[in-house]
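S.K.: Structure provided below as structure tokens; questions to follow.
The values are calculated or read from the model by the stated rules, or taken from the named source; none is laboratory data. The shown structure was predicted, so the numbers you read here are calculated from the model rather than taken from an experiment. Positions of Cβ are generated from backbone atoms using ideal geometry, with glycine treated the same way; all protein chains shown enter the neighbour counts. Just the protein is used for accessible areas: all its heavy atoms, side chains included, with ligands, DNA and RNA removed. Shrake-Rupley method; radii C 1.70, N 1.55, O 1.52, S 1.80 Å.
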Amino acid sequence: MGGVIPNQQIRDMIDAGQITGSLPVDPAQIQPASLDMRLGTVAYRVRASFLAGHGAKVADRLAEFEMHRVDLTNGAVLEKGCVYVVPLMEELSLPDDVSAVANAKSSTGRLDLLTRTITDGGTEFDRVNPGYTGPLYAEICPRSFSVLVRPGMRLNQIRFSTGDATLNDAALRQLHADTPLVDGEAVIDDGLGFSVDLRLPNTTLVGYRAKPHTGVIDLDKIGHYAPADYWEEVHSDNGQIILDPGAFYILVSREAVTIPPEYAAEMAPYLAMVGEFRVHYAGFFDPGFGHDQSGGAGSRGVLEVRCHEAPFVLEHGQVVGRLVYEKMAIIPTQLYGSGIASNYQGQGLKLSKHFAVPR
């Protein structure tokens, strides 16, 4: 039986030397169904995003694309609109039956900080082949805000699994019948449909749009920044907003979602043919997200939305993404929100943890 590898088995992988680090792995990096990865000490400013490709090493390809190096030791700014490659502290030596998928952490996505994992020999972003042995790198492109980073910061995370753990639609319908996954009707079609809420109760505020010219955000500063310095409020009194090309928005799902302890989920983009926009950077939902065992009563999904070439009318209830559920190999000993620093349990419309909560 395959499944997503939980926290206690990730610890076993570390003990077995399948996951190593230039500094020892900190237990705080281990999440219910993933491992946070840490930035190393140097960032390579490159001309363009790239993949290593079959048989090639990232370090060798860097020689083709490197413009200059940035020492992160004492902190350094990664500038908006630039592309950087940062060697991560973690390396892998995976068994032949273990593969991995990486994704940006929630706070990373909410800052429009495009962060993807690349590997030696890799032909896809954020995908690690079974049995991979070698280093890991983060490609970082700040899209809306310049950011101050330091070694050890955790911008992306990796989830390990064996076999095919994905639930098909029939299994997902049965799971919803046994343990409701959303607080309303479940739209199940190649995953659980996620729609946008543009009619929030007792307010016309439905989201935030990133301002185009702002200061630097120090990623170590939590609850520090005034939202108005970085974001414009988006209001609607008719359940519609028009997305501007090139703009980045924080919106919220209409559904309150539950991830039972036996499952994990990943948010996948909806079909491009439904509109001129992309939803989500941070796609992992941990076991226990929104679940009553870990202090949730259903949690909304925050939607990170970027509009493409043409203005697009987004309407209340429009399906914009889907959650793909996966079976855990065994139930984690630690659930999202219960006793760990989970910033978004029970969330609604919410900016990243770096911003002060409006009074």
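S.K.: With each pseudo-label sitting 7 Å past Cα toward Cβ, what's the R127-Q240 distance in nm, one decimal?
M.R.: In this crude label model, R127 to Q240 measures out at 3.9 nm.
S.K.: Cβ under 12 Å from T204's Cβ, T204 left aside: what net charge do those residues give with Lys, Arg +1 and Asp, Glu -1?
M.R.: -1
S.K.: For the chain, calculate the relative contact order in percent as a whole number, restricting contacts to Cα pairs under 8 Å that are 6 or more residues apart.
M.R.: Relative contact order for the chain comes out at 20 percent.
S.K.: If you don't mind, another one. Taking only protein heavy atoms into account and a 1.4 Å probe, give the accessible area per residue of the chain in Å².
M.R.: 42 Å²
S.K.: Could you give the distance between the Cα centres of region 307-325 and region 97-121, to the whole Å?
M.R.: Region 307-325 and region 97-121 have Cα centres separated by 22 Å.
S.K.: When Lys and Arg each count +1 and Asp and Glu each count -1, what net charge do the other residues less than 9 Å away from A265, Cβ to Cβ, add up to?
M.R.: Result for the neighbourhood of A265: -3.
S.K.: Determine how large the accessible area of T166 is when every protein chain is in place; take a 1.4 Å probe and give Å² rounded to the nearest 10.
M.R.: 70 Å²
S.K.: Between L23 and T41, what is the label-to-label distance in nm when each label sits 7 Å out along the Cα-to-Cβ direction?
M.R.: In this crude spin-label approximation the distance works out to 1.1 nm.
S.K.: Sticking with this one: What is the percent of Cα-Cα separations in the chain that go past 31 Å?
M.R.: Value for the chain (Cα pairs over 31 Å): 33 percent.
S.K.: Tell me which residues come under 5 Å, amide H to amide H, from F50 once H is placed; ignore anything under 5 positions away on its chain.
M.R.: none
S.K.: Of all accessible surface on the chain at a 1.4 Å probe, what whole percent is carbon and sulfur?
M.R.: Looking at the chain in its full context, I get 48 percent from C and S.
S.K.: Length gain on complete extension for the stretch I330 to A63, per 0.36 nm per residue less the alpha carbon to alpha carbon distance?
M.R.: 91.8 nm
S.K.: Then there is this: List the GluC sites (Glu not before Pro) within region 177-253 that fall in a DSSP loop (any state other than H, G, I, E or B) and whose Cβ has at most 11 other Cβ atoms within 10 Å.
M.R.: Within region 177-253, the qualifying GluC sites (Glu not before Pro) (loop, at most 11 other Cβ atoms within 10 Å) are E185.
S.K.: What is the set of long-range amide H partners of I217 at a cut-off below 5 Å, with H atoms built 1.01 Å from backbone N?
M.R.: Residues meeting the amide H criterion: S146, V147, L148.
S.K.: Okay, moving on. Kirkwood Rh, region 21-162, all Cα pairs: how many Å?
M.R.: That comes to 15.1 Å for region 21-162.
S.K.: Something else now. GNM on the chain, C-alpha springs below 10 Å: top fluctuator among G131, G283, G207?
M.R.: So, out of G131, G283, G207, the one fluctuating most is G131.
S.K.: Next question. Go ahead and set up a Gaussian network model of the chain, Cα springs under 10 Å, then flag whichever of G109, G193, G223 fluctuates most.
M.R.: Highest fluctuation among the options: G223.
S.K.: Here's another thing I want to ask about it. Given a 10 angstrom Cα cut-off, can you work out which residue in A256, A226, A186 is the most mobile in a GNM of the chain?
M.R.: Largest GNM mean-square fluctuation: A226.
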